[in-house]
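The values are calculated or read from the model by the stated rules, or taken from the named source; none is laboratory data. Keep in mind that what you see is a predicted model, and the values were worked out from it rather than measured. Quick reminder, even Gly has a Cβ in these numbers, built from the backbone with ideal geometry, and neighbours come from all protein chains shown. All accessible areas refer to the heavy atoms of the entire protein, side chains included, with ligands and DNA or RNA removed. Shrake-Rupley method; radii C 1.70, N 1.55, O 1.52, S 1.80 Å.
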Amino acid sequence: MKRDNSILRIDVILEEVLAKGSLQKGIDEVAVKQVWQDVMGKGIASYTDDVSLKGHTLIVKLSSSTLKEELSYGKDKIIGMINEVLGKDLIKSIKLI
């Protein structure tokens with residue numbers, strides 16, 4: 001690769017790196033974990049053991065089977081709220097375990 005000595009703005013460089021997908025997965029994972037806590041609130045977050053992202057599926061490990069049952073009825077609403085905060089349609093489904 002030939003070195004280009006032109007000066008580039010950092011936002012342009014970051015946009016190119018993200019477009020290649022090399023960092024986007026990790027950034028999305030971190031963002032989803034934070035958004036889950038923000039959207040669901042401290043009460044539900046306190047029963048959340050883990051939040052992860054596999055493809056377009058949000059996997060949430062809960063310590064309360066009652067809460068898991070209750071949240072299963074509102075999956076579409078949760079997906080909508082999380083995607084709205086993220087500003088993109090990242091989550092397509094939720095798996096509660």
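Numbers below:
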{"item": "Residue, nearest to residue 97 (Cα to Cα), within the stretch 54-84, restricted to residues that are part of a helix (DSSP H, G or I) and small (Gly, Ala, Ser)", "result": "65"}
{"item": "Tabulated pairs, the stretch 1-27, first more than 29 Å from residue 57 (Cα to Cα), second at pLDDT below 75, C-beta under 9 angstrom, 6+ apart or interchain", "result": "none"}
{"item": "Matching residues, the stretch 11-51, being in contact with a helix residue (DSSP H, G or I) (Cβ under 6 Å, 6 or more places away or on another chain), part of a helix (DSSP H, G or I) and open to solvent by 70 Å² or more (accessible area, probe 1.4 Å)", "result": "37"}
